[in-house]
1. In what sequence, highest mean first, do 224-235, 361-372 appear when ranked by Cβ atoms within 10 angstrom?
2. Please list 36-45, 297-306 highest first by mean number of surrounding beta-carbon atoms within 10 Å per residue.
3. Just report the Cα centroid separation between segment 101-119 and segment 373-448, whole Å.
4. Translational diffusion coefficient, Stokes-Einstein: compute it for segment 125-250 using the Kirkwood radius over C-alpha pairs as Rh, at 25 °C and 0.890 mPa s, and state it as an integer in µm² s⁻¹.
5. Which peptide among 82-89, 286-293, 191-198 comes first, and what is the full order, when sorted by highest mean count of other Cβ atoms within 10 Å?
6. When the chain is modelled as a GNM with alpha-carbon springs shorter than 10 Å, which of 175, 57, 237 fluctuates the most?
7. Considering only 201, 49, 135, give the residue with the highest GNM mean-square fluctuation for the chain, with springs between Cα atoms whenever their separation is below 10 Å.
8. Radius of gyration and Dmax for segment 86-341's Cα atoms, expressed in Å?
């Protein structure tokens, strides 16, 4: 067994070392070759060394190189080498962190990593967290807790009684709410089409002066880091109004909450600690391998109550809260080990530097593209840049050609009715040279 693990490690290392020189997008030929890995399952097995070779030699070229420094789509982190290595080791350990008895080391490191993250982003010591697959499930988990809490206040235990016969729960969001939040709202049975939308300003921030009158059980979902502009909702003002009416305030901080780890950018998220729950991703700005998200709650007992599964004779009871009691899954991989390794390696100053460097690269993108005559559509306050190359057709053409070109990869969006290229700088691997090469490619394609 050891020989195949070593071979996989060697092949993976060669892949990572080649990232700086390879195209970001796979070629049509590489995608066509994937047919060699599909089709009906054979009656006989294939030797393990051949399986790994096929994955590397056929699958590798068909990957999107988002682990490199020139991928700027979808706010995807690059995967710090130390966290990738920890992920491999944890995979070899094959730990199930549902309960401490199943994996003492996995649960201990998970709890430690959550405490480190909580302190880095400035949440109170009473706040408790749990690792989940990503921001959508973190938002969903927070909504389960919020739903349980606001309905308990009016005498309805939704975990036991369900939503049938429950008083209606109002959900308030901004007009720029992220789709993952809407998906979580649907999963929680609160209804995407029932949300109350609050107007936003020109950067996508919810306007606290346009909040509705809160009546009955209410959950307010705010944003720390607009997915287009990077802007932050005024959470302190929203929290004051919401809490005065007994509402629950949630912060979707998938990437933006990490700004609080940087002394330079902490002020953008001033006061988010006034909320009741928070969601963030490790696979974004912490740059750990997929998948890794976390939910944090001030009243974590509400989440525990909402997920209670009833007694099971084979499950130990009593003592400390087990990880599975605070997450939708029971069996779960030890994703906290990846985050622990990244945080242990970086320390507070390293996480701050990672945020600062990405933001500096975003500013460099904005300035160089503006100097080249293109229009920057947002205030570049964090790591997000929106650029228009002229009319809608031209902008969309350049986005498509850039994705085929392979120098870098950026996605498209629509901002205030204008088609735009969205540049998200989230990778530890991005350098000034990566930015300059990418800008040069954009200018070259725009000049065709």
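1. Ranking the peptides 224-235, 361-372 by packing returns 224-235, 361-372.
2. Per-residue mean Cβ counts within 10 Å order the peptides as 297-306, 36-45.
3. Each part reduced to its Cα centre gives a spacing of 39 Å.
4. Here the translational diffusion coefficient equals 164 µm²/s.
5. For the peptides 82-89, 286-293, 191-198, the packing ranking is 286-293, 82-89, 191-198.
6. 57
7. Checking each option, the largest mean-square fluctuation is seen for 49.
8. Cα radius of gyration and Dmax of segment 86-341 are 17.8, 56 Å respectively.
Every read-out reported here was derived from the displayed coordinates using simple, explicitly stated rules and does not represent laboratory data. In this text, all values refer to a predicted model and were calculated from it rather than measured experimentally. So basically every Cβ, Gly included, is an ideal-geometry build from the backbone, and we count neighbours across all protein chains shown.
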